[in-house]
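Step one of this worksheet: look at the structure below.
The values are calculated or read from the model by the stated rules, or taken from the named source; none is laboratory data. Keep in mind the model is a prediction, meaning the values are calculated, not measured. For neighbour counting, all protein chains shown are included, and Cβ atoms are generated from backbone atoms with ideal geometry for every residue, glycine included. The accessibility values were calculated without ligands, DNA or RNA, using every heavy atom of the protein model including side chains. Shrake-Rupley method; radii C 1.70, N 1.55, O 1.52, S 1.80 Å.
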Amino acid sequence: MPDGPHRPRRGATTIEEVARAAGVSRQTVSNTLNAPHRVRPETLERVNTAIRELGYQPDQSARSLRSGARRTIGYLAPVDDPLDPNPLMAGFLEALVDAAGAAGQRVLLFRPGQGTADPVAAIDELVAARQVDGLVLADVLREDVRIAHVARLGVPFVSFGRTGPAQPQCWVDIGNETAMADVVRHLAALGHRRIGYLGAAEELPWMAARRAGFLAEAHRLGLSAVATGAAEAGFSGTAAGSAVASVRALLRGPDRPTAFAAGDDLLALDVYEAVRAEGLVVGPGGVAVTGFHDTPLCRHLHPALTSVRLPLRAIATAMVGRLLDRVRGEAAPAEGLELPTELVVRGSSGRSGGAEPSGWSGWFG
């Protein structure tokens, strides 16, 4: 006779067997699986060891039906061009899926429907359908309508990017200003006194923070610094063409920068193009260039691009943890979580080719 829907499969380990092996109650095993924060660390370790040794596989569908949990996280994916995707957000999605899976969760991607660009309507539709336990939001803007809306609804959420001071501090982010200050110190240690910054879309909070961090650290170190971008330069044509033109204009000046920091890796490509168009070289003895995000293209450029690496796996893991805390009904954290970045140094950032005093690097060391 085949096993019925309420009978364990032949040979399958039951939760009662795990409880007996670990010397705990059935409820303690259930808490280990569903609310590990309620279990003492030594008990948690003992139960998890029994689960592994017995090969216990919990019935996820039954658990969801009993608890009302969907064990699914909704990710409002940024609108992107499938023929030219954002490599950073693609990497973040991979990390998010892995982090969610490690916590026994799935990730449901959604976007506004056809004919509308209203993210609030998309959120309302998903919440009304009761398909997810909580939401992940990214690319958070100042006065972001999505954050304000989910906060009003009381829907558990976490954001990749900072929420406003009057909103729940359910966010994880990097220190953009701190990361760019690290870039400036790196260039200064290589002997660069005249440095430039290429940015774009300064209305984006993270881009504005990178520019601010660049200028503040350059000022603190007494460097000659200039920040530019396509919109500021007043050039016509495409954004990329404007960026290249603005960098070329600076390179033609009498006090041309010997190094450029870019607000992201694609902008760094514009600097490469501008440098070479002016008959100069990128790297040691020429113009040092740095990027931001450390996307895969950095390793394939010639020379390879020095860039700021984001800890995407750590960001995703922290976000999933914070979101599940909210799903379990825990209070919103008092403050967001800022994670450090790493400056990955490659061949594009070399020592200044200009006449610099021999003690310059030591001055900033």
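Going by what's in this entry, would residue 62 be described as farther than 14 Å from residue 105 by Cα and at pLDDT below 65?
Yes, satisfied.
crowded, with 16+ Cβ neighbours inside 10 Å and of a type in the set (Asp, Glu): does that describe residue 124?
It is false that residue 124 is crowded, with 16+ Cβ neighbours inside 10 Å and of a type in the set (Asp, Glu).
Report every pair of residues separated by at least 6 positions or lying on different chains whose Cβ atoms are under 8 Å apart, first residue within the stretch 221-233 and open to solvent by 40 Å² or more (accessible area, probe 1.4 Å) and among the charged types (D, E, K, R), second modelled with pLDDT of 80 or more and not in a strand (DSSP E or B).
232/246
Within the stretch 126-140, can you find the residues that are touching a helix residue (DSSP H, G or I) at 6+ places or on another chain (Cβ under 6 Å) and within 7 Å of residue 160 (Cα to Cα)?
The answer is 137, and nothing else.
Just for the stretch 127-151: of the residues that are among the β-branched types (Val, Ile, Thr) and without any contact (Cβ under 8 Å) to a residue 60 or more places away in the chain, which one is surrounded by the fewest Cβ atoms within 10 Å (Cβ to Cβ)?
Of all residues in the stretch 127-151, those among the β-branched types (Val, Ile, Thr) come to 127, 132, 136, 140, 145, 147, 150.
Filter again for without any contact (Cβ under 8 Å) to a residue 60 or more places away in the chain, leaving 127, 145, 147, 150.
Working: 127: 16, 145: 12, 147: 22, 150: 25.
Filtering first and then ranking leaves 145.
Residue-wise test of (1) modelled with pLDDT of 85 or more; (2) in contact with a Lys or Arg (Cβ under 6 Å, 6 or more places away or on another chain); (3) of a type in the set (S, T, N, Q).
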position: 34; (1), (2), (3): no, no, yes
position: 37; (1), (2), (3): no, no, no
position: 47; (1), (2), (3): yes, no, no
position: 54; (1), (2), (3): yes, no, no
position: 58; (1), (2), (3): no, no, no
position: 69; (1), (2), (3): no, no, no
position: 74; (1), (2), (3): yes, no, no
position: 87; (1), (2), (3): no, no, no
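Please go through the stretch 192-209 and give me each residue that is surrounded by 23 or more Cβ atoms within 10 Å (Cβ to Cβ) and either assigned to a strand (DSSP E or B) or in contact with an Asp or Glu (Cβ under 7 Å, 6 or more places away or on another chain) (or both), ordered by number.
Within the stretch 192-209, 195, 196, 197, 198, 199 qualify.
For the stretch 212-227, check the following and say yes or no: at least one residue is assigned to a loop (DSSP other than H, G, I, E, B) and not acidic (Asp, Glu).
yes
If you take just the strands (runs of 3 or more DSSP E) that sit entirely in the stretch 99-172, which of them hold at least 1 residues that are touching a Pro at 6+ places or on another chain (Cβ under 6 Å) and under 15 Å from residue 333 (Cβ atoms)?
The qualifying strands (runs of 3 or more DSSP E) are 134-138.
When the stretch 173-185 is examined, which residues are found to be assigned to a helix (DSSP H, G or I) and in contact (Cβ under 8 Å) with a residue 40 or more places away in the chain?
178, 179, 180, 182, 183, 184, 185
For the stretch 270-298, what are the residues that are at pLDDT below 95 and either outside any loop (DSSP other than H, G, I, E, B) or buried (at least 23 other Cβ atoms within 10 Å of the Cβ) (or both)?
Of everything in the stretch 270-298, those that are at pLDDT below 95 and either outside any loop (DSSP other than H, G, I, E, B) or buried (at least 23 other Cβ atoms within 10 Å of the Cβ) (or both) turn out to be 296, 297.
For residues in the stretch 240-269 being part of a loop (DSSP other than H, G, I, E, B), touching a helix residue (DSSP H, G or I) at 6+ places or on another chain (Cβ under 8 Å) and farther than 25 Å from residue 89 by Cβ, which is least open to solvent (accessible area, probe 1.4 Å)?
Filtering the stretch 240-269 for residues that are part of a loop (DSSP other than H, G, I, E, B), touching a helix residue (DSSP H, G or I) at 6+ places or on another chain (Cβ under 8 Å) and farther than 25 Å from residue 89 by Cβ, the one least open to solvent (accessible area, probe 1.4 Å) comes out as 257.
Hey, could you check the stretch 300-337 for residues that are more than 29 Å from residue 267 (Cβ to Cβ) and of a type in the set (Val, Ile, Thr) and say which is modelled with the lowest pLDDT? I'd like the intermediate steps shown before the answer.
Taking the stretch 300-337 first, the residues more than 29 Å from residue 267 (Cβ to Cβ) are 320-335.
Now drop any that are not of a type in the set (Val, Ile, Thr), which leaves 320, 327.
Numbers: 320: 96, 327: 90.
Ranking the qualifying residues of the stretch 300-337, first place goes to 327.
Scanning the stretch 272-317 for residues that are of a type in the set (Lys, Arg) and in contact (Cβ under 8 Å) with a residue 40 or more places away in the chain, which turns out farthest from residue 248 (Cα to Cα)? Write out each step before concluding.
Step one: of the stretch 272-317, the residues of a type in the set (Lys, Arg) are 276, 299, 309, 313.
Okay, now just the ones that are also in contact (Cβ under 8 Å) with a residue 40 or more places away in the chain, so 299, 313.
Working: 299: 24, 313: 37 Å.
Only one residue fits best here, namely 313.
Just give me the residues in the stretch 152-180 being among the hydroxyl-bearing types (Ser, Thr, Tyr) and open to solvent by less than 10 Å² (accessible area, probe 1.4 Å), in sequence order.
159
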